[in-house]
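For reference, the structure is listed below as structure tokens.
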Amino acid sequence: MSTAFSVEDLHFTYPSSKTETIKGISFTVQEGEIFGLLGPSGAGKSTTQKILIKLLENYSGRILYFGKDIHSLGSSFYEEIGVGFEMPVHFTKMTAAENLNFFSNFYQNKADVQGLMERVGLWEYRDIRVGEYSKGMKVRLNFVRAMLNRPRVLFLDEVTNGLDPKNARIIKDMIVEYRSQGGTVFLTTHLMNDVEQLCNRVAFCVDGRLHEISTPRELKMKYGKREIKVEYREKENTRSAVFPMASIGENEAFLNLLKSKEIETIHSGETSMEDIFITVTGVGVK
Amino acid sequence: MKTTVKLLLGELKRLIRYKILPVSLVTALLWFALFLFLSREESFFIAPLLIYVDSTIMVILLVGAFNHLERQDGTISTMMVLPVSIGSILTAKAAASMMLALSSMVVTAAALYFIHNLVFDYAALFLFILLTGVSHGAIGFFLALNTRNFSSMLGLLMAYIVVFTLPTILFTFGILDARYDKLLMISPSHSAETLIRSAVTGMYNAGIILAACAWLLGLTFVLYRFAIYPKFKRCGVRG
């Protein structure tokens with residue numbers, strides 16, 4: 001697997017601002033992985049994405065896309081990437097099919113639009129004007145729009161925001177499928193559920209800087225408590241006990257509890273991504 | 001080129017869907033009705049003014065409204081991540097504003113021909129309308145990109161009319177003295193009116209025509225290159 005994006009010491013200041021929005025971040029996104037950039041509003045994650053998709057220029061630092069400086073890439077760069085913006089961005093007075101046909105017309109690589117629309121449950125609504133779509137339908141259409149050119153790298157911003165659990169599941173399944181076919185995903189989100197279910201690696205972005213970059217599993221191992229919590233019934237009440245995970249098989253108190261009590265739940269002291277975020281960055285996820 | 005044509009076809013389709021082109025044609029049809037009640041001489045006198053209003057103020061208004069609608073939809077961001085250059089997107093938009101001006105000119109010219117058998121120098125009129133449409137489309141685009149919403153754009157448009165259009169109308173009706181003609185050429189609208197009147201009356205002053213064409217072309221280039229292009233990009237980034 002090669003490196004899809006290599007970002008070195010990236011700095012960026014908006015023309016209207018005196019202070020830097022991006023303050024020297026470095027990371028890589030490997031081909032075939034789902035890389036999650038997490039952070040609160042205003043942390044710089046959307047700015048980072050806009051720089052990577054060449055909407056923002058005048059940055060300092062180095063960005064390589066499959067080994068090539070993105071400065072040297074022309075509009076053909078957009079043949080290879082798909083972008084799903086956070087806000088739905090379609091011509092509202094045109095139907096979904098007209099929107100997708102219009103955008104698809106500019107790509108050499110064309111995806112099976114019908115197949116994609118059927119997967120997200122929009123095929124039967126293809127001839128309805130986008131202005132009449134619900135928020136969830138617009139979000140699903142956004143995703144289809146991003147996949148129109150069978151992109152090599154997919155940028156998704158808050159991809160499941162506004163979707164019901166069933167449709168969020170469908171989109172997440174499609175993202176995992178896309179990755180399994182070799183696709184690379186750069187995901188910016190504040191939804192920790194998405195991160196846990198999708199991302200191979202994550203980076204925490206706060207105030208224009210990246211804090212921890214790791215896999216969700218490693219982060220959980222690092223920040224989680226190495227303990228086991230048992231809830232059990234005793235005299236009509238629910239009680240709990242906590243045991244260290246080390247040598248748990250030889251812990252007499254733990255084993256006795258299992259034998260002698262009616263156990264209700266057993267949980268390892270695994271911490272959530274949200275807790276890790278707060279620990280790593282010192283701020284809450286908004 | 002192929003990409004620009006695809007973009008232009010998309011623009012024209014949206015001009016219809018967003019009811020911009022139909023509104024433009026309805027206005028032209030109002031002129032059609034007006035000519036029925038005017039004599040041949042009166043129609044001949046007022047025709048350049050009506051074509052002028054259609055290809056200047058109406059184009060600014062409709063192009064501005066269209067771009068505000070597109071900004072509301074947030075589609076500029078989507079357009080900017082297509083494998084097309086911003087130059088092609090703006091060229092298509094400029095060409096669409098030419099079409100907008102041309103469509104109402106065709107209706108007005110046809111009305112004058114069929115009702116009063118008035119014939120103009122159509123080739124010259126065609127060229128001048130293209131130039132007027134593209135330059136005033138650029139002004140409309142510029143106003144739309146520099147205002148928060150359509151209402152505030154209307155405010156700016158009113159100011160534009162008072163400063164640049166009203167003097168030309170006063171001049172046409174003889175209220176402003178003829179000696180101000182050359183001074184008024186500073187106004188893009190007056191330059192456009194001069195070109196249209198020349199094509200309708202068949203009276204050409206080569207120096208004035210060249211100066212008006214150069215001014216409108218130059219203004220279009222400057223607006224697109226230095227005002228619209230960077231602002232359009234910023235709109236795309238904001239989403």
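The values are calculated or read from the model by the stated rules, or taken from the named source; none is laboratory data. This is a predicted model, so every value here is computed, not measured. Glycine also receives a Cβ, built like all others from the backbone with ideal geometry; neighbour counts cover every protein chain displayed. Heavy atoms of the whole protein, side chains included, go into the accessibility calculation; ligands, DNA and RNA do not. Shrake-Rupley method; radii C 1.70, N 1.55, O 1.52, S 1.80 Å.
Only one of these is under 16 Å from the mean Cα position of the chain (by Cα) and either surrounded by 16 or more Cβ atoms within 10 Å (Cβ to Cβ) or part of a helix (DSSP H, G or I) (or both): B:118, B:112, B:170, B:130. Name it.
None of the other options fit; the residue is B:130.
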Of residues in the range B:47-95 being more than 14 Å from chain A (Cβ to nearest Cβ) and among the small types (Gly, Ala, Ser), the one surrounded by the most Cβ atoms within 10 Å (Cβ to Cβ)
B:55
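Take residue A:60 and decide whether it is away from chain B (no Cβ under 14 Å), at pLDDT 90 or above and open to solvent by 30 Å² or more (accessible area, probe 1.4 Å). First the steps, then the outcome.
On the way: away from chain B (no Cβ under 14 Å): yes; at pLDDT 90 or above: yes; open to solvent by 30 Å² or more (accessible area, probe 1.4 Å): yes.
It is true that residue A:60 is away from chain B (no Cβ under 14 Å), at pLDDT 90 or above and open to solvent by 30 Å² or more (accessible area, probe 1.4 Å).
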Right, residue A:50: of a type in the set (Lys, Arg), in a loop (DSSP other than H, G, I, E, B) and either open to solvent by less than 10 Å² (accessible area, probe 1.4 Å) or modelled with pLDDT under 95 (or both) or not?
no
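Which of the following residues is over 26 Å from residue A:65 (Cβ atoms), among the basic types (Lys, Arg) and assigned by TED's automatic domain parsing to the domain that holds residue A:137: A:166, A:172?
Numbers: A:172 fails: over 26 Å from residue A:65 (Cβ atoms).
One residue alone meets the criteria, A:166.
Any idea how many residues of the range A:234-257 are in contact (Cβ under 8 Å) with a residue 12 or more places away in the chain and within 40 Å of the chain's Cα centre (by Cα)?
Let us first name the residues in the range A:234-257 that are in contact (Cβ under 8 Å) with a residue 12 or more places away in the chain, namely A:234, A:238, A:241-246, A:248, A:253-254, A:257.
Okay, now just the ones that are also within 40 Å of the chain's Cα centre (by Cα), so A:238, A:241-246, A:248, A:254.
Total satisfying the criteria: 9.
Kindly indicate whether residue B:186 is open to solvent by 50 Å² or more (accessible area, probe 1.4 Å), β-branched (Val, Ile, Thr) and away from every other protein chain (no Cβ under 14 Å). Walk me through it before giving the result.
On the way: open to solvent by 50 Å² or more (accessible area, probe 1.4 Å): yes; β-branched (Val, Ile, Thr): yes; away from every other protein chain (no Cβ under 14 Å): yes.
Here the answer is yes, as residue B:186 does meet what is asked.
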In the list A:185, A:159, which residue meets the criterion of being in a loop (DSSP other than H, G, I, E, B), in contact (Cβ under 8 Å) with a residue 24 or more places away in the chain, away from chain B (no Cβ under 13 Å) and more than 27 Å from residue B:5 (Cβ to Cβ)?
A:159
Which of the residues that make up the range A:113-127 are more than 14 Å from chain B (Cβ to nearest Cβ) and outside any helix (DSSP H, G or I)?
A:120, A:121, A:122, A:126
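Condition test on residue A:133, is it in the same structural domain as residue A:168 (by TED's automatic domain parsing) and open to solvent by less than 30 Å² (accessible area, probe 1.4 Å)?
Values: in the same structural domain as residue A:168 (by TED's automatic domain parsing): yes; open to solvent by less than 30 Å² (accessible area, probe 1.4 Å): yes.
Yes: the conditions hold for residue A:133.
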Of all residues making up the range A:266-281, the number that are touching a strand residue (DSSP E or B) at 6+ places or on another chain (Cβ under 8 Å) and open to solvent by 40 Å² or more (accessible area, probe 1.4 Å)
3
Scanning the range A:139-151 residue by residue, those over 14 Å from residue A:168 (Cβ atoms) and buried (at least 21 other Cβ atoms within 10 Å of the Cβ) turn out to be A:141, A:144, A:145, A:146, A:147, A:148, A:149, A:151
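From A:3, A:19, grab the single residue that is polar (S, T, N, Q), under 24 Å from the mean Cα position of the chain (by Cα), over 30 Å from residue B:4 (Cα atoms) and surrounded by fewer than 20 Cβ atoms within 10 Å (Cβ to Cβ). Spell out how you get there, then give the answer.
Numbers: A:19 fails: under 24 Å from the mean Cα position of the chain (by Cα).
Testing whether each residue is polar (S, T, N, Q), under 24 Å from the mean Cα position of the chain (by Cα), over 30 Å from residue B:4 (Cα atoms) and surrounded by fewer than 20 Cβ atoms within 10 Å (Cβ to Cβ) leaves just A:3.
Mind counting the residues in the range A:15-53 that are under 15 Å from residue A:153 (Cβ atoms) and free of Cβ contacts under 8 Å to residues at least 24 places away in the same chain?
Quick first cut of the range A:15-53, residues under 15 Å from residue A:153 (Cβ atoms) only: A:27-37, A:48-53.
Then drop every residue that is not free of Cβ contacts under 8 Å to residues at least 24 places away in the same chain, which leaves A:50.
Within the range A:15-53, residues that are under 15 Å from residue A:153 (Cβ atoms) and free of Cβ contacts under 8 Å to residues at least 24 places away in the same chain number 1.
State all residues of the range B:22-56 that are among the charged types (D, E, K, R), over 20 Å from residue B:195 (Cβ atoms) and in contact (Cβ under 8 Å) with a residue 12 or more places away in the chain; if no residue qualifies, say none. Spell out how you get there, then give the answer.
Keep residues of the range B:22-56 that are among the charged types (D, E, K, R), which gives B:40-42, B:54.
Among the residues that remain, those that are also over 20 Å from residue B:195 (Cβ atoms) are: B:40-42.
Listed by number, the list holds a single entry, B:40.
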Residue B:121 passes all but one of (1) out of contact with any Gly (no Cβ under 9 Å at 6 or more places or on another chain); (2) within 28 Å of residue B:31 (Cα to Cα); (3) of a type in the set (Asp, Glu); which number fails?
(1)
By residue number, the members of the range B:173-191 that are aromatic (Phe, Trp, Tyr) and assigned to a loop (DSSP other than H, G, I, E, B) are B:173
Which residues, counting only those in the range B:1-46, are charged (D, E, K, R) and either away from every other protein chain (no Cβ under 13 Å) or touching a His at 6+ places or on another chain (Cβ under 7 Å) (or both)?
B:40, B:41, B:42
Unique residue being at pLDDT below 90 and open to solvent by 20 Å² or more (accessible area, probe 1.4 Å) when the list is B:6, B:13, B:19
B:19
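Could you identify the single residue in B:113, B:122, B:160, B:180 that is out of contact with any helix residue (DSSP H, G or I) (no Cβ under 6 Å at 6 or more places or on another chain) and within 18 Å of residue B:64 (Cα to Cα)?
Only one candidate passes the filter, namely B:160.
State whether one or more residues within the range B:7-21 are part of a helix (DSSP H, G or I), closer than 30 Å to residue B:117 by Cβ and touching a Leu at 6+ places or on another chain (Cβ under 9 Å).
Step one: of the range B:7-21, the residues part of a helix (DSSP H, G or I) are B:7-17, B:20-21.
Then drop every residue that is not closer than 30 Å to residue B:117 by Cβ, which leaves B:21.
Among the residues that remain, those that are also touching a Leu at 6+ places or on another chain (Cβ under 9 Å) are: B:21.
Checked against the condition, which is being part of a helix (DSSP H, G or I), closer than 30 Å to residue B:117 by Cβ and touching a Leu at 6+ places or on another chain (Cβ under 9 Å), the range B:7-21 yields at least one hit.
From B:209, B:196, B:228, grab the single residue that is crowded, with 17+ Cβ neighbours inside 10 Å, within 30 Å of residue A:46 (Cα to Cα) and not aromatic (Phe, Trp, Tyr).
Just a single option satisfies the conditions, and that option is B:228.
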Those residues that are assigned to a helix (DSSP H, G or I), open to solvent by less than 30 Å² (accessible area, probe 1.4 Å) and more than 7 Å from every other protein chain (Cβ to nearest Cβ), I need them from the range A:71-112; list them, please.
A:77, A:96, A:97, A:99, A:100, A:104
